[in-house]
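Trainee: Please see the structure below; I have some questions.
The values are calculated or read from the model by the stated rules, or taken from the named source; none is laboratory data. What you see is a predicted model, and the numbers here were worked out from it, not measured in a lab. Here the Cβ is made from the backbone with ideal geometry for all residues, glycine too, and neighbour counts use every protein chain on show.
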Amino acid sequence: MKQLEQIFRTAGVTGWLHAVDIDTGREVGLGADEPVVLASVFKVPLLVAFYRQAERGLIDPAERVTVSPEGRPGGGTGVSAMLDEVTASLRDLAYLTISVSDNASADTLLARVGLAEVNAALADLGLSRTWVEHSCAGLFTAMREDAGVADMAELSQMTTDPGVLARLRVLDPARTSRSTCRDMTRLLGLIWRDEAAGPGSCAAVRRLMGLQVWPHRLASGFPYDDVAVSGKTGTLPTIRNEVGVIEYPDGGRYAIAVFTRSIGTAQNQPRADAAIGTAARVAVDHLRAPFVGPDTI
Amino acid sequence: MSNTDIKLNAINVWISSLLMDLVRHLRYFVVIAEELHFGNAAARLGMAQPPLSQRVKRLEDELGVRLFDRSSRQVRLTDAGRLLLPEAREIVARTERIRELMARAVRGDTASLRAAVPPDLGASVLAALIARFRAGHPDVRLTPTEMGTSDQVDALLGGELDLGVLRHPVAAAGLGFGPILVQHPGVLLREEDELTTLATVHLADLAGRELVLPPRALEPGLHDETLAGCRRHGFVPAEVRHAVHGQFMIGLVLAGTAVALGHRTDVPGVVWRPLAGAPLAWRISTAWRGEPSGHVAGFADLTTRVLREDAGMSDEGAPPRTWVAPRPATGFLS
């Protein structure tokens, strides 16, 4: 069995991966063109669309908005977890959207940018396999409908039940926000080469992805002080994802997308998290090897 | 089409009509042999007597023997006729089976069924499953294989398997599941183990021993849940050994290297004891992709019955949901 498959299998997950050297185009993949569930990774295209609109003068990133405590989508971080009214600039909500995957901030931005505009930006960038289907609130509504429950607390207690999981539309790439590993590394390459938007906007997106706090997935595979890891995770029941860029001190930079789906239903999947880091490391090591190897490992 | 092709085609048609004709003549022969009366046979076949007599004459000419002795007023089989009768019956019956099979193929309900069971299901349960399915569905070709849960999920989703019998928890888009049955595993100890003096064993009694489990890659759900359950009840294995097949597992137990969990087995040198309070639950169910066809649904029902009746698994309804303590890093859309 191939090395990447072995890593995923040992972790009890099905995995999809694509890694590419941003500057040479050298690549390696596993199921790189198969549709995958984006989950919170959709916040990266949202952020790109946000800054592209700002460049066109349609949005002022410094504009202060107030997010009321009512009607916030669920979530355990950022504004979603706060009790009171929050007033912050749109770009600071963008920071929370990426750094701690804050759903309330993401939906505030999305309401301003528009779902159609996010998809238009993706189409404009040539990312034809990527589609954003719903806001965080919309995604949660679909989950509650499919699970047949009224509130989020109840929902979070039901998603270890295989029977419930089998009904969730948001776990089916055809019916939720979706992409492919290759589309995601292409997007990251555009961001890192200042091609997804203007240089200032791309730098802002890179900064926010570098401020993401989670250490358990991509970052766990690169425990080196001199290696920078920027990324965005995606999490739903059985789904563990992260896309990001790994930058080495010698200038080597690698866009990588890892999407997994666990066979087990436990909400805590430390092995799946770690497998994302391990698989990414194996892929990047492969790309950094002095000889030109095969495009699958 | 070339001339040669046309000729070959004509020859094929001629041969097949001859064969059809031979089978039809053999059928007439069988009916007459059973009735030993041309009038009754003709009535049974729904035809007039003279053409039936002509057909039998033609068959006798073709084979070069007399099949019936019509010299007396009674019709009797000749020795050659008696020899032919069982062969003719066989050919007629087979031809009818072929027709029926092909008719089902046209209707699309034929069948073979590719089913997989876990390697540790147990020989007697597997035998009961296969025997009962064959008895109920003699016309369906059953291909059983042994496969771990991960492989079954891949094979079901890849269309290489019609029905799986797998361990939960399992989540995979597009799979349907039958009722989830529960088995409370006991512990397999070496005969010399001091714990065999106890009628039931507490998991905590096993503390410090090594444990044999199926490999995580094959049974991720069972592996993780079992280890978590053992730890929670005071049994932190000194080492976890992995065994795919029952014989390897038994070998490790016999060698005194480790204890194993599972159903009662009658292996010399190994003693099975229930675990006090049934702290572990292994859940198993049938699984298929999409909507199950008639055979798949039938076999799924049968499997569930066999697991209940022959493997002593109980239908405890929905598995008890364990409390999920919310954590920001594993929350939805984190």
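Trainee: With the requirement that a residue be surrounded by fewer than 20 Cβ atoms within 10 Å (Cβ to Cβ), hydrophobic (A, V, I, L, M, F, W, C) and part of a helix (DSSP H, G or I), what does the range A:56-104 give you?
Mentor: Of everything in the range A:56-104, just one residue is surrounded by fewer than 20 Cβ atoms within 10 Å (Cβ to Cβ), hydrophobic (A, V, I, L, M, F, W, C) and part of a helix (DSSP H, G or I), namely A:ALA81.
Trainee: How about the range A:36-45: which of its residues are part of a helix (DSSP H, G or I), among the hydrophobic types (A, V, I, L, M, F, W, C) and within 12 Å of chain B (Cβ to nearest Cβ)?
Mentor: Selection gives A:ALA39, A:VAL41, A:PHE42.
Trainee: While we're here: Return the only residue of B:THR322, B:THR304 being assigned by TED's automatic domain parsing to the domain that holds B:PRO169 and under 16 Å from A:GLY163 (Cβ atoms).
Mentor: Exactly one residue qualifies, and that residue is B:THR304.
Trainee: Another question about this same structure. When you scan the range A:200-214, do you find a residue that is more than 10 Å from chain B (Cβ to nearest Cβ) and assigned to a loop (DSSP other than H, G, I, E, B), even just one?
Mentor: yes
Trainee: When the residues of the range B:281-305 are filtered to those that are surrounded by fewer than 23 Cβ atoms within 10 Å (Cβ to Cβ) and among the aliphatic types (A, V, I, L, M), which remaining residue is farthest from B:GLU160 (Cα to Cα)?
Mentor: B:ALA281
Trainee: Return yes or no: is B:SER334 touching a strand residue (DSSP E or B) at 6+ places or on another chain (Cβ under 6 Å), closer than 30 Å to A:GLY138 by Cα, within 14 Å of chain A (Cβ to nearest Cβ) and at pLDDT 85 or above?
Mentor: Yes, satisfied.
Trainee: Give B:VAL170, B:VAL153, B:VAL182 a once-over and let me know the one that is in a loop (DSSP other than H, G, I, E, B), β-branched (Val, Ile, Thr) and either away from chain A (no Cβ under 14 Å) or under 19 Å from B:LEU222 (Cα atoms) (or both).
Mentor: Residue meeting the stated conditions: B:VAL170.
Trainee: So B:THR226 clears everything in (1) of a type in the set (Val, Ile, Thr); (2) within 14 Å of chain A (Cβ to nearest Cβ); (3) part of a loop (DSSP other than H, G, I, E, B) except one condition, right? Which one?
Mentor: It fails just one condition, (3).
Trainee: Is there any pair linking a residue in the range A:144-161 that is free of Cβ contacts under 8 Å to residues at least 24 places away in the same chain to one that is crowded, with 19+ Cβ neighbours inside 10 Å and in a loop (DSSP other than H, G, I, E, B), with Cβ under 6 Å and at least six apart or on different chains, and which?
Mentor: A:ALA147/A:MET158
Trainee: Okay, moving on. Select from the range B:125-150 the residues that are of a type in the set (S, T, N, Q) and either closer than 22 Å to B:LEU280 by Cβ or assigned to a loop (DSSP other than H, G, I, E, B) (or both) and write down the one among them that is modelled with the lowest pLDDT.
Mentor: Filtering first and then ranking leaves B:SER150.
Trainee: Which members of the range B:273-289 meet the condition of being in a strand (DSSP E or B), at pLDDT below 90 and more than 29 Å from the chain's Cα centre (by Cα)?
Mentor: Correct list: empty.
Trainee: Could you please find all residues in the range A:215-239 being among the acidic types (Asp, Glu) and either in contact with a Pro (Cβ under 6 Å, 6 or more places away or on another chain) or within 14 Å of another protein chain (Cβ to nearest Cβ) (or both)?
Mentor: Matches in the range A:215-239: A:ASP226 only.
Trainee: Residue pairs, Cβ under 9 Å, 6 or more apart or interchain, first in the range A:103-132 and among the charged types (D, E, K, R), second surrounded by fewer than 18 Cβ atoms within 10 Å (Cβ to Cβ) and at pLDDT below 95. List them.
Mentor: Sorted first by the residue in the range A:103-132, then by its partner, the pairs are A:ARG129/A:ASP33.
Trainee: Continuing with the same structure: Between residues in the range A:240-268 that are within 13 Å of chain B (Cβ to nearest Cβ) and residues that are at pLDDT 95 or above and assigned to a loop (DSSP other than H, G, I, E, B), which pairs lie under 6 Å by C-beta distance while being six or more apart or on different chains?
Mentor: Within 6 Å, the pairs are A:GLU242/A:ARG217.
Trainee: Restricting the search to the range A:138-151, which residues are among the aliphatic types (A, V, I, L, M), closer than 26 Å to A:VAL113 by Cα and either surrounded by fewer than 16 Cβ atoms within 10 Å (Cβ to Cβ) or within 11 Å of chain B (Cβ to nearest Cβ) (or both)?
Mentor: A:LEU139, A:MET143
Trainee: Still on this structure, please answer the following. If a residue must be under 22 Å from B:THR322 (Cα atoms) and either part of a loop (DSSP other than H, G, I, E, B) or in contact (Cβ under 8 Å) with a residue 60 or more places away in the chain (or both), how many such residues does the range B:187-223 contain?
Mentor: Counting residues in the range B:187-223 that are under 22 Å from B:THR322 (Cα atoms) and either part of a loop (DSSP other than H, G, I, E, B) or in contact (Cβ under 8 Å) with a residue 60 or more places away in the chain (or both) gives 7.
Trainee: Give the residue that is modelled with the lowest pLDDT, with candidates limited to residues of the range B:55-89 that are on the phi < 0 side of the Ramachandran plot and surrounded by fewer than 12 Cβ atoms within 10 Å (Cβ to Cβ).
Mentor: B:SER72
Trainee: Given A:ALA166, A:ALA196, A:ALA174, which one is surrounded by fewer than 22 Cβ atoms within 10 Å (Cβ to Cβ), touching a residue at least 24 places away in the same chain (Cβ under 8 Å) and among the small types (Gly, Ala, Ser)?
Mentor: A:ALA174
Trainee: Can you tell me which residue is farthest from the chain's Cα centre (by Cα) among those in the range A:105-137 that are within 11 Å of chain B (Cβ to nearest Cβ) and outside any loop (DSSP other than H, G, I, E, B)?
Mentor: A:ALA137
Trainee: I'd like to know if the range B:250-272 contains one or more residues that are crowded, with 18+ Cβ neighbours inside 10 Å, at pLDDT below 90 and within 14 Å of another protein chain (Cβ to nearest Cβ).
Mentor: No, the range B:250-272 has no match at all.
Trainee: crowded, with 19+ Cβ neighbours inside 10 Å, more than 27 Å from B:GLU192 (Cβ to Cβ), within 14 Å of another protein chain (Cβ to nearest Cβ) and aliphatic (A, V, I, L, M) - does that describe any residue in the range B:309-325?
Mentor: Looking for residues that are crowded, with 19+ Cβ neighbours inside 10 Å, more than 27 Å from B:GLU192 (Cβ to Cβ), within 14 Å of another protein chain (Cβ to nearest Cβ) and aliphatic (A, V, I, L, M), one finds none in the range B:309-325, hence no.
Trainee: Under 8 Å by Cβ, and 6 or more places apart or on different chains, what pairs join a residue from the range A:1-13 that is closer than 21 Å to A:GLU27 by Cβ with one that is basic (Lys, Arg)?
Mentor: Note: pairs meeting the criteria are A:MET1/A:ARG9.
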